[in-house]
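Below: the structure, in structure tokens.
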Amino acid sequence: MTTAADEVVIHRGLNGVFFDRTKTSFIDGKEGKLLYRGYNIHDLAERSTFEETAYLLLYGELPTSEELQRFDRELKSARAIPGEVVDIIRAVKDAHPMDVLRTAASALAAFDPEVSDNSTEATQRKGIRLSSQLATVVMTHHALREGKDPIVPSSTLSHAANFLYMLTGEAPSAETARLMDQDFILHAEHGPNASAFTARVIAGTQANLHAAITGAIGALSGPSHGGAAENVMQMAMEIGDPANAAAYVKSLRDQGKPIMGFGHRVYKVEDPRAIHLREGVRKLSQERGEPKWYAILEAVIEAMHPYARLGVHVNVDFFAGVIYYLNGFPPDLFVPIFAVGRVPGWTVQVVEQLENNILIRPLTQYTGPMDLEYLPLDER
Ligand SMILES: CC(C)(COP(=O)(O)OP(=O)(O)OC[C@H]1O[C@@H](n2cnc3c(N)ncnc32)[C@H](O)[C@@H]1OP(=O)(O)O)[C@@H](O)C(=O)NCCC(=O)NCCS
């Protein structure tokens, strides 16, 4: 069947298309409002923890203290990864950390006792395990590629503090752990962006959570999705001094190039997630004796002021990169950190998809030639 061109409305990139309903997160790009399960991101960033927010996303309600304790125990007890997966990581250790993370997420399927159980309860449990395991994968890989023994995850520290601990072997200060915790909260879920949509497409075929998250990691690895934090750090290094920021911004704009960490497909005002990391960068740069990074970022914001009327404001990635850098993470771990924080969001999107499943299968309008005559090889 063919369809005349004027009968088809094409939504390239599915821009502006609603494909389902959700109770997970609400985003208003004009107001700069983000809710997880009805709770404002500002309250969660200021008052919650990653553990509590992950519970909220997975189960739809804030936990009681008993529920939170049980959830925390489950997360902590899932931090170890099988020796076979460590061997796989070792075998591919020279690849980009996102490729290693995707490979390890896929391999973990072979060791999860509930891998093919797509019930809501089993998918939630697998989401908890993957939240912990993928954090360990990232830091195990980093240690192995540096020729070091991986640090055994702590059985007592919080999710965020343990992640920092696995980098250095030292428990971080309460303030440093809290900033990492906030970063994980702010990255935990963000509607059907490319990676979450990928996870839903995969779950829509009734494939399992490990398959969905493996695909989501692949989608997140692209620079148009996860890579901006890394690019912002690169930009800050190139600028080098706050006094150079205005000229740097002008030169990029004269070439028609975007400024990294600014602009968003959905937010046309300041990304509500960015606000919380701004103060964190200020304090952390002071604490680490490197105030110039905060000063450079502020100078870039000042230089970008004229673009605010176009709806171009800072996004969450603008401040995240400097936080990771000041904590000692190399730039190629910035996207994997984003992935680690996003596991609860991907999981709940998969749960939603499976609970009211439909195969996701859009159409493309064919614009190629029709009914060509097939010529045998020796006549072409
Ligand atoms: C995220 C992004 C791809 C969104 O793109 P988009 O939805 O096409 O952006 P908009 O349609 O709102 O852009 C409106 C105008 O602002 C400009 N603009 C958008 N982002 C800009 C940026 N980062 N720097 C300078 N100008 C920008 C656009 O060029 C456009 O101008 P024009 O109308 O003269 O062409 C884009 O803003 C970008 O590349 N940002 C930098 C990378 C980044 O930080 N990504 C992380 C997102 S969380």
Residues with beta-carbon under 11 Å from that of Val343, excluding Val343: net charge, scoring Lys, Arg +1 and Asp, Glu -1? +2
Given a Förster distance of 51 Å, the FRET efficiency implied by the Cβ-Cβ spacing of Ile360 and Asp87, rounded to the nearest 0.05, works out to 0.90
Against the 2.2 N^0.38 Å rule of thumb, the C-alpha Rg of segment 113-165 sits at a ratio of 1.36
For Tyr294, solvent-accessible area (1.4 Å; no DNA, RNA or ligand), Å²: 50
How much solvent-accessible surface does Ser106 expose, in Å² to the nearest 10, with a 1.4 Å probe and all protein chains in place? 60
His225, His305, reordered so the largest accessible area comes first (probe 1.4 Å): His305, His225
Go ahead and estimate [θ] at 222 nm for the chain from helices alone: -39,500 (n - 2.57) per DSSP H run with n ≥ 4, summed, over the residue count, rounded to 500. -17000 deg cm²/dmol
The alpha-carbon pair-distance distribution computed for segment 21-120, with 5 angstrom bins and whole-percent values, is 2, 10, 15, 14, 15, 15, 15, 10, 3, 0
With a 1.4 Å probe and all protein chains left in place, how much of the accessible area of the chain comes from carbon and sulfur atoms, in whole percent? 52
Summing +1 for each Lys or Arg and -1 for each Asp or Glu, what net charge is found among the other residues whose Cβ lies under 10 Å from the Cβ of Tyr36? -1
Distance histogram in 5 Å bins (all Cα pairs of segment 303-380, percent per bin): 3, 9, 9, 9, 9, 11, 11, 10, 8, 6, 7, 5, 2, 0
Computed E for Glu175/Leu14 - FRET, C-beta separation, R0 25 angstrom, nearest 0.05: 0.05
Segment 92-131 shape via C-alpha gyration tensor axes, a/c threshold 1.5: prolate
Against the globular-protein guess of 2.2 N^0.38 Å, express the Cα radius of gyration of segment 152-284 as a ratio, rounded to two decimals. 1.28
I'd like to know which of Gln349, His159, Leu284 lies farthest towards the positive end of the charge dipole of the chain, counting +1 on Cβ of Lys and Arg and -1 on Cβ of Asp and Glu. Leu284
Using the heavy atoms of the protein chains and a 1.4 angstrom probe, tell me the accessible area per residue for segment 1-94 in square angstrom. 67
Along the Cα→Cβ direction, 7 angstrom out, place labels at Glu114 and Asp371. What is the inter-label distance in nm? 5.6
With all protein chains present, calculate the accessible area of Met233 using a 1.4 Å probe and round the result to the nearest 10 Å². 0
Normalised alpha carbon radius of gyration of the chain [divisor 2.2 N^0.38 Å]: 1.05
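The values are calculated or read from the model by the stated rules, or taken from the named source; none is laboratory data. Predicted model, so just to flag it, every value in this text is computed and none were measured. Every residue, glycine as well, gets a Cβ built from its backbone with ideal geometry; the counts of neighbours run over all protein chains shown. To get the accessible areas, we keep the full protein, side chains included, count just its heavy atoms, and leave off ligands, DNA and RNA. Shrake-Rupley method; radii C 1.70, N 1.55, O 1.52, S 1.80 Å.
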